[in-house]
Amino acid sequence: MDAYTKTMIARFESSGELLHAAEKVRDEGYKEFDCHSPFPIHGMDQAMGLKRSPLGYFIGTMGAIGLIGALTLQWYTSTIGMPQVISGKPFFSYQAYVPITFALTVLLSAFGAMYGMLVLNKLPMLHHVLFNSKKFTRFSDDGFFVSIQATDSKYSDDATRAFLEKIGGKEIEIVED
């Protein structure tokens, strides 16, 4: 079964209810679930039990590559590739390298942020099973939803439905591809 072929969704009335529902779903032991709301909810990452994003490592690594690459290229060209004495300065005059080094560090950090975000968010995802639900279209306007993937080890149609009803979920629906 593909990871996104079957999902159960439940609607909640408010952002507070969604936050508490996320805590209960996490405490119940579900791992493959997500919360959907029309705006960011403070504390949702902790309620879902999400770890800190590794995006900073992507950005830092790419920035370090930009810094080292820029300094190495400028050092090589001015000291080995084509050494020239300009105004009596030494071959490796690092003060002149600051603008290029800074620019390349920022540029590669930005590429790391963009491509890292795409990889971590599994984008571009041209289709998701939730797009098949008419009820789910409300999430971007006034709906608050929890979705649990069928690939979760605790998932069972009946047990998951009963659990979502118990925690206050409304309009529970199984969405299939």
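Going by the structure shown, is Gly112 surrounded by 13 or more Cβ atoms within 10 Å (Cβ to Cβ) and over 29 Å from His20 (Cα atoms)?
It is true that Gly112 is surrounded by 13 or more Cβ atoms within 10 Å (Cβ to Cβ) and over 29 Å from His20 (Cα atoms).
Can you go through Tyr97, Tyr4 and tell me which one is more than 23 Å from Met125 (Cα to Cα), among the aromatic types (Phe, Trp, Tyr) and at pLDDT below 95?
Of Tyr97, Tyr4, the one residue that is more than 23 Å from Met125 (Cα to Cα), among the aromatic types (Phe, Trp, Tyr) and at pLDDT below 95 is Tyr97.
As for segment 49-60, it holds at least one residue that is among the β-branched types (Val, Ile, Thr), more than 30 Å from Glu173 (Cβ to Cβ) and surrounded by 13 or more Cβ atoms within 10 Å (Cβ to Cβ). On the stretch given as segment 128-173, residues that are without any contact (Cβ under 8 Å) to a residue 12 or more places away in the chain and within 21 Å of the chain's Cα centre (by Cα) total 1.
When restricted to residues that are more than 21 Å from Phe136 (Cα to Cα) and either of a type in the set (A, V, I, L, M, F, W, C) or out of contact with any helix residue (DSSP H, G or I) (no Cβ under 9 Å at 6 or more places or on another chain) (or both), segment 18-30 contains 2.
In segment 9-113, counting only helices (runs of 4 or more DSSP H) that sit wholly within it, the ones holding 3 or more residues that are free of Cβ contacts under 8 Å to residues at least 12 places away in the same chain and more than 24 Å from the chain's Cα centre (by Cα) span 55-76. Taking the criterion of being of a type in the set (Asp, Glu) and over 16 Å from Gly29 (Cα atoms), the only residue of segment 142-157 that qualifies is Asp142. Residue check: Tyr30 meets all listed conditions (1) at pLDDT 95 or above; (2) hydroxyl-bearing (Ser, Thr, Tyr); (3) surrounded by fewer than 16 Cβ atoms within 10 Å (Cβ to Cβ) but one, namely (3).
The set of residues in segment 106-126 being among the polar types (S, T, N, Q) and under 17 Å from Gly69 (Cβ atoms) consists of Ser109 alone.
The values are calculated or read from the model by the stated rules, or taken from the named source; none is laboratory data. Here the structure is a predicted model, which is why all the values come from computation and not from measurement. Neighbour counts are summed over all protein chains in view; Cβ atoms, including those assigned to glycine, are modelled from backbone coordinates with ideal geometry.
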